[in-house]
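Below is one structure, written out as structure tokens; the observations come after it.
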Amino acid sequence: VLYVLLKLRLSHFVGPKDKRPNPEKQKKAKRKMQQQGSKSGSEMEVTWEDQQNINTFSRLNNRFHDLDDEIKSAKEKCDNLEDAGNELILADEEMVRFQIGEVFAHVPRDEVETRIEDMKEATSKSLEKLEEEKESIVSQMAALKKVLYAKFKDSINLEED
């Protein structure tokens, strides 16, 4: 019984003799494809170094987009801290509710002013670092684009849609 099942399975994969591929036809088809490929010149050999450059570009591009989001968030935080500082100037109270983590605490106004200034300073420094990193990534991506476009010309697209 096992022999019959194996024979049936093998015949299913191999097929009848008239449906089997002809080795001569396969060789002719392969030669024809190789000739067409050499005429068109659209096939380029991608070396290991080229692939590493493409992967590096991809990682830099992902980091670039992450930095855009982080910079946007940092700018919003700076704006919110500036607004909070302006609201604090207009406040008449000596004790101000200040959020520490998830809890609001009554804190003296002078202490809140210094904390807000410290937070603005830290956020602006962080923003500067993020923008410097973004500039560095942009220059690295430009260098990689130059190298990759020089080799692959129109066969590669590194531009944003």
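The values are calculated or read from the model by the stated rules, or taken from the named source; none is laboratory data. Everything numeric here is computed off the predicted structure, so don't read it as measured data. Note that we place each Cβ from the backbone using ideal geometry, even for glycine, and neighbour counts take in every protein chain shown. Please note that ligands, DNA and RNA were not included when accessible areas were found on the heavy atoms of the full protein model with its side chains. Shrake-Rupley method; radii C 1.70, N 1.55, O 1.52, S 1.80 Å.
Tally Lys/Arg at +1 and Asp/Glu at -1 over every other residue whose Cβ is under 15 Å from the Cβ of Thr56; what's the total? All intermediate terms of the calculation are to be shown ahead of the outcome.
Working: positive: Arg59, Arg63, Lys145, Lys146, Lys151; negative: Glu49, Asp50.
Residues close to Thr56 contribute a combined charge of +3.
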- Between Phe104 and Ser136, what length in nm is gained on full extension when 0.36 nm per residue of separation is reduced by their alpha carbon distance? 7.5 nm
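Net charge near Glu87, counting Lys/Arg +1 and Asp/Glu -1 over other residues with Cβ under 12 Å of its Cβ? If you can, show how the numbers build up before the last one.
Details: positive: Arg97, Arg109; negative: Glu82, Asp83, Asp92, Glu93, Glu113.
Charge balance near Glu87 sits at -3.
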- Message: Can you give me the distance in nm between label points at Lys151 and Ser124, each placed 7 Å from the Cα along the Cα-to-Cβ direction?
- Response: 4.5 nm
- Item | Surrounding net charge for Ser136, when Lys and Arg each add one and Asp and Glu each subtract one, Cβ distance under 12 Å | -1
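Among Arg115, Arg109, what's the order by accessible area (1.4 angstrom probe), most exposed first?
Details: Arg115 85, Arg109 40 Å².
Highest to lowest solvent-accessible surface, that is Arg115, Arg109.
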- Task: Note down the accessible area of Met44, probe 1.4 Å, to the nearest 10 Å².
- Result: 90 Å²
- Task: Working from the alpha-carbon coordinates of the stretch 48-153, get Rg over Rh, Rh being the Kirkwood radius.
- Result: 1.27
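Treating the beta-carbon of each Lys and Arg as +1 and of each Asp and Glu as -1, no other charges, what is the dipole magnitude of the stretch 48-153 about its Cα centre, to the nearest 20 debye? Walk me through the numbers before you get to the answer.
Details: 16 positive and 26 negative charges, 239 e Å.
With only Lys, Arg, Asp and Glu charged at Cβ, the dipole is about 1140 debye.
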